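Here's the structure we're looking at; comments come further down.
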Amino acid sequence: MLAQHVFGFCEFITVYIFLASIVVFTLRIFQRFATVLINRPWSRHRTFTFRSSQGRLEMVNDHSSSSPYCVVCMQEAEEGDKMRRLTICLHCFHAECIDTWFCEMSTCPLCRAEIPPLPPVKPLLLLFVSAGVLDFFSNK
């Protein structure tokens with residue numbers, strides 16, 4: 001009889017520890033997912049193809065009807081150019097120019113706003129494994 005009560009108590013403790021570990025693991029995944037959503041490293045910039053439409057451009061920018069100007073290569077955007085608009089400061093640059101710039105710098109060329117780093121290659125893996133562990137095993 002005593003053995004039955006001890007066995008029942010041990011079973012209760014085992015189930016309780018198992019459920020508690022599932023809850024902690026789930027909360028940890030949600031915390032990391034929320035961190036990824038808040039930081040949003042994938043929203044570094046938006047890529048678009050420049051189209052010159054005078055009516056739309058005048059509505060957006062009343063004092064100037066010129067096309068966007070890339071300060072990296074010192075040229076104005078032409079029809080069909082691939083442009084990138086930084087989401088932090090909304091400045092536009094040619095895609096090739098700003099990619100070259102980001103190889104050396106991590107700030108906007110105009111206002112020096114800090115631009116977030118590139119997103120990880122496997123962002124879902126970061127939900128289960130910390131970034132330091134991935135960096136340790138990925139560096140050769």
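Readers should treat all values here as calculations from the given coordinates under stated rules, not as data from a laboratory. Given the structure is predicted, the values throughout are model-derived calculations rather than measurements. Virtual Cβ from ideal backbone geometry, glycine too; neighbours counted across all protein chains shown.
Computed quantities for the displayed model
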| quantity | calculated |
| --- | --- |
| Length gained when the stretch Val71-Ile29 is fully extended (0.36 nm per residue, less Cα-Cα span) | 10.9 nm |
| Loop-resident sites, segment 78-117, for trypsin sites (Lys or Arg not before Pro), counting at most 11 other Cβ within 10 Å (DSSP) | Arg112 |
| Positive minus negative residues near Thr107 (Lys, Arg vs Asp, Glu; Cβ under 15 Å) | 0 |
| Additional length obtainable on full extension of the chain from Leu2 to Phe50, 0.36 nm per residue less Cα span | 9.2 nm |
